[in-house]
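Q: So that we are looking at the same thing, I have put the structure below in structure tokens.
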Amino acid sequence: MDRSFISNIKFISFIVMRTIACVIVFDVVYLLLMLYSGMKISEISVENVYWMVQFIATFVFLIIQITLCTAYQKIILTLGSRRKDFFMAKYFLVFAVIVITAAVLGGMTYVYDSISIVKYMYSLAMILGVNIITILCANMIEKFGMTGYIIFCVICGFIGGFIGGGVGALMKYKILKSVMVPTALTILATVVMIIVMALDKKWLDSYEIK
Amino acid sequence: MSNILECKDIVKRFKDKDALKGVSLTLEKGKIYGMIGRNGAGKTTLLSIMSAQSKPTSGSVNLDGEEVWENQKCIDNICFSRELNPLSTFGPNNVKVKELLRMASIYYPYWDKKMADSLVKKFDINIKQRISKLSKGMLSMVTIIIALASKSEFTILDEPVAGLDVVAREQFYKLLLDEYNETGRTFVISTHIIEEAADLFEEVIIVNNGNILLKENTMDLLERAYHVSGSADDINTLIEKYEAHHVENMGRSKGATILFKKGERMESSQDVMVQPVSLQNLFVALCGKE
């Protein structure tokens, strides 16, 4: 493997691991507080764990963190990385997370009857959708600075609200409970992600270090 | 091993401006080059293109015959240490000095950790401090540390002494010379503090308005540059004969900076005062507005 590619893997992992360490500490403290407040371990259901894995991998843990490394591209390119290697390292890690998360969630879906294939397909679509939005937002932040970051936070709030409240309201429509809709969404998200990745590469290639 | 860094017809066009207009330049291994030019002349743009951090609109940069753009073999031998920005995309640059040095050690294949540590100690830098909290001088010191510890064959420093006090500047010049004497690395230094650094430069490159005005051995250049002053008629005669710059009218007297061609000499019959000119004054004469 190319030295520069490995350097980028090391660097992005270093940046991400710092945040992961904070998240793990937060999660442990949160769990301890929940247990202290009277919650029993047996009350934690498979669905809770499924949601935690999905949530952590997608929103907090890795995908957003890795994609937001776009904000570090100036420093990385200044230190002598090739643009190609930074791009490949970033998406190598993103796809590693997507594949591992899909495998873990898929395994849970297979083992536990309480998790339906429909839920699993929606999870995949959501993971890809979050990645698409984060790629676009990362480039927006890079281009527009704090303004872009504020817009990104507003979008995150909107998504959080939609997932928290909107999804439940939408699920009353029977068609959304069939496996075809989330499968189609996953395929669409895959295609859009490929297009957005190509745009990300184009923007990276034309990026001027100032 | 790298011998020649060659720029051919480099043009760099931004939306409303041509920053570089067909620049061709050859840098040989084992020299200290000084790059001087006015603000906005195109120095940083040229250095960025030379180090494969920016792509030219047209033209090419080759290191030992291989194009440098996205070429890891070439990039490994070039270090462009830019001025650090205390602001980042997200606001204040919260990267710590030790994290930045760690990043540099990841990316530079010949990184000398021992040297980096000794320079940190020498400059008395707190490595736990964030970039946004460093003074301008400290930022320059960190830039210098990265450049020197990178051990890259071609090391480019963009205004490394900006913000440094005179003691720190002398320290830097000494460190640079020591490193050069020990390793024979090639250094390209762009600076506005010309007079101090002039003694360091084996060759000087003057960039003006997107073009290379001249590139020459510093001593040879200064040997053919003189300031002449005397009566207006005598000076006018010289101006007609030789390449004159920065002509000054002083009542009935006149002064000008003359740049002789190689091998050219002034006729001894001219009744004018002739003085050697410093690199800084020559630069002002060549690039200052008339």
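Q: What residue among B:Gly255, B:Met141, B:Gly34 has its Cα farthest toward the positive end of the dipole of chain B, where the charges are +1 on Lys, Arg and -1 on Asp, Glu, each on the Cβ?
A: B:Met141
Q: When Lys and Arg each count +1 and Asp and Glu each count -1, what net charge do the other residues less than 10 Å away from B:Asn94, Cβ to Cβ, add up to?
A: Its environment carries a net charge of +2.
Q: Largest first, how would B:Val204, B:Val272, A:Val192 line up by accessible area (1.4 Å probe)?
A: On the way: B:Val204 0, B:Val272 25, A:Val192 50 Å².
Heavy-atom accessible area, descending, gives A:Val192, B:Val272, B:Val204.
Q: Mind grabbing the interface size between A and B? I mean buried accessible area, both sides, 1.4 Å probe, in Å² to the nearest hundred. Don't jump to the answer; show the numbers that get you there.
A: Values: alone 12380 and 14770 Å², together 24490 Å².
In total, chains A and B hide about 2700 Å² from solvent.
Q: Which ³J(HN,Hα) values, rounded to whole Hz and listed in residue order, are derived for segment B:217-224 from phi using the Karplus coefficients 6.51, -1.76 and 1.60 in 6.51 cos²θ - 1.76 cosθ + 1.60 with θ = phi - 60°, glycine and proline given as x?
A: Along segment B:217-224, the couplings run 4, 4, 5, 4, 5, 5, 6, 10 Hz.
Q: Counting Lys and Arg as +1 and Asp and Glu as -1, what is the net charge of the other residues whose Cβ lies under 12 Å from the Cβ of A:Thr134? Let's see the in-between values first.
A: Working: positive: A:Lys90; negative: A:Asp200.
So the environment of A:Thr134 carries a net charge of 0.
Q: So, in Å, what gap is there between the alpha-carbon centers of segment B:135-210 and segment B:93-117?
A: The distance from the Cα centre of segment B:135-210 to that of segment B:93-117 comes to 18 Å.
Q: Out of A:Leu35, A:Leu105, A:Leu188, any idea which swings most in a Gaussian network model of chain A, alpha carbons joined below 10 Å?
A: Comparing A:Leu35, A:Leu105, A:Leu188 in the GNM, the peak value goes to A:Leu35.
Q: Report D for segment A:3-205 in µm² per second (integer): Stokes-Einstein, Kirkwood Rh on Cα pairs, 20 °C, 1.002 mPa s.
A: Values: Rh = 18.4 Å.
Reported coefficient: 116 µm²/s.
Q: Lysine pairs in segment A:3-205 with Cα distance under 20 Å, only those 8 or more apart or on different chains: how many are there?
A: 19
Q: Under 21 Å from the Cα of B:Lys261, which lysines turn up, not counting those fewer than eight places away in the same chain?
A: B:Lys215, B:Lys241
Q: Of the residues A:Met146, A:Met39, A:Met121, which exhibits the maximal mean-square fluctuation in a Gaussian network model of chain A defined by a 10 Å Cα contact cut-off?
A: Of A:Met146, A:Met39, A:Met121, the Gaussian network model singles out A:Met39 as fluctuating most.
Q: Just need the Rg to Rh number for the protein assembly as shown, please, alpha carbons only, Kirkwood Rh.
A: Numbers: Rg = 29.6 Å, Rh = 26.5 Å.
Ratio of gyration radius to Kirkwood radius for the protein assembly as shown: 1.12.
Q: Related question: Which one, B:Ile194, A:Met17, A:Ile6, is farthest towards the positive end of the dipole of the protein assembly as shown when Lys and Arg carry +1 and Asp and Glu -1 on their Cβ?
A: A:Met17
Q: Please compute the contact order of segment A:3-205 in relative form: average sequence separation of alpha-carbon pairs under 8 Å and at least six residues apart, divided by the residue count, as a percent. Mind showing how you got there, number by number?
A: Numbers: 152 pairs, mean separation 51.5, N = 203.
Over segment A:3-205, the number comes to 25 percent.
Q: Nearest 20 debye, what's the magnitude of the dipole of segment B:224-287 about its Cα centre given +1 on Lys and Arg Cβ and -1 on Asp and Glu Cβ? Could the numbers behind the result be given before it?
A: On the way: 7 positive and 8 negative charges, 45 e Å.
Computed about the Cα centre, the dipole is about 220 debye.
Q: Hey, another quick one. Please build a GNM for chain A, connecting alpha carbons under 10 Å apart, and tell me which residue among A:Ala103, A:Ala89, A:Ala189 fluctuates the most.
A: So, out of A:Ala103, A:Ala89, A:Ala189, the one fluctuating most is A:Ala103.
Q: If you don't mind, there's one more thing I want to ask. Report, in debye and to the nearest 20, how large the dipole of the protein assembly as shown comes out about its Cα centre when Lys and Arg carry +1 and Asp and Glu carry -1 on their Cβ.
A: Charge dipole, the protein assembly as shown, about its Cα centre: 2080 debye, nearest 20.
Q: Hey, can you list the residues from segment A:113-160 whose accessible area shrinks by 10 Å² or more with all protein chains present, relative to the chain by itself (probe 1.4 Å, no ligands or nucleic acids)?
A: Hits at the 10 Å² cut-off: A:Ile141, A:Glu142, A:Gly145, A:Met146, A:Tyr149.
Q: Sticking with this structure for a sec: So for the protein assembly as shown: antiparallel DSSP bridges make up what percent, rounded to the nearest 5?
A: Details: 41 of 59 bridges.
In the protein assembly as shown, DSSP labels about 70 percent of beta bridges as antiparallel.
Q: Of all the accessible heavy-atom surface of segment A:3-205, with the other protein chains kept in place and a 1.4 Å probe, what percent is carbon and sulfur? Present the calculation step by step, with values, prior to reporting the outcome.
A: Values: 8170 of 10510 Å².
The computed percentage sits at 78.
Q: Taking B:Lys122 as the anchor, which lysines have their alpha carbon closer than 26 Å to its alpha carbon, excluding any fewer than eight residues away along the same chain?
A: The qualifying lysines are B:Lys31, B:Lys96, B:Lys98, B:Lys113, B:Lys114, B:Lys133, B:Lys136, B:Lys151, B:Lys174.
Q: Still on this structure: For chain A, list the DSSP H helices whose alpha carbon atoms reach 20 Å or more along the long axis and whose average Kyte-Doolittle value is -0.5 or above?
A: Details: long enough: A:3-36 (48 Å, 1.67); A:83-111 (42 Å, 1.35); A:117-144 (40 Å, 1.38); A:146-161 (22 Å, 1.94); A:180-205 (38 Å, 1.43).
Flagged H segments are A:3-36, A:83-111, A:117-144, A:146-161, A:180-205.
Q: Further question: I'd like to verify something in chain B: which complete DSSP H helices, judged by Cα projection on the helix axis, reach 24 Å or more and average at least -0.5 on the Kyte-Doolittle scale?
A: Numbers: long enough: B:166-183 (25 Å, -0.46).
Span-like helices here: B:166-183.
Q: Would you please give the residues with an amide H less than 5 Å from that of B:Met35, counting only those at least 5 places away or on a separate chain, with H modeled from the backbone geometry?
A: Residues meeting the criterion, in which the H sits 1.01 Å from N, are B:Ile189, B:Ser190, B:Thr191, B:Ile205.
Q: Long-range amide H contacts for B:Ser24: which residues qualify at under 5 Å (H placed 1.01 Å from N, peptide plane, sequence gap of 5 or more or a different chain)?
A: For B:Ser24, whose amide H was placed from the backbone, the distant partners under 5 Å are B:Asp9, B:Ile10, B:Ile212.
Q: Could you check what % of the DSSP bridge pairs in chain B are antiparallel, to the nearest 5?
A: On the way: 41 of 59 bridges.
Taking every DSSP beta bridge with both residues in chain B, the antiparallel ones total about 70 percent.
Q: Keeping every protein chain in place, order A:Phe26, A:Phe86, A:Phe95 by accessible area at 1.4 Å, biggest value first, i.e. largest first. Let's see the in-between values first.
A: Details: A:Phe26 130, A:Phe86 0, A:Phe95 80 Å².
Descending accessible area places them as A:Phe26, A:Phe95, A:Phe86.
Q: I need to check one value: relative contact order of segment B:224-287, counting alpha carbon pairs closer than 8 Å and at least 6 residues apart, in percent. Intermediate values should be presented prior to the final figure.
A: Values: 99 pairs, mean separation 28.1, N = 64.
Taking the mean separation of contacting Cα pairs over the length of segment B:224-287, I get 44 percent.
Q: A further question on this structure: Could you give the accessible area per residue of the protein assembly as shown, probe 1.4 Å, as a whole number in Å²?
A: Using a 1.4 Å probe on heavy atoms only, each residue of the protein assembly as shown averages 49 Å².
Q: Tell me the relative contact order for segment B:150-213 as a rounded percent, counting alpha carbon contacts under 8 Å between residues six or more apart.
A: Relative contact order for segment B:150-213 comes out at 40 percent.
Q: Sticking with this one: Net charge near A:Thr78: determine it from the other residues with C-beta under 13 Å of the C-beta of A:Thr78, scoring Lys and Arg +1 and Asp and Glu -1. All intermediate terms of the calculation are to be shown ahead of the outcome.
A: Numbers: positive: A:Lys74, A:Arg82, A:Arg83, A:Lys210, B:Arg82; negative: A:Glu208, B:Glu83, B:Asp158.
Local net charge: +2.
The values are calculated or read from the model by the stated rules, or taken from the named source; none is laboratory data. Just so we're clear, the structure is a prediction, and the values are computed from it rather than from any experiment. When we count neighbours, we look across all protein chains shown, and the Cβ atoms used for this are built from the backbone with ideal geometry, even at glycine. Only protein heavy atoms, including side chains, enter the accessible area calculation; ligands, DNA and RNA are left aside. Shrake-Rupley method; radii C 1.70, N 1.55, O 1.52, S 1.80 Å.
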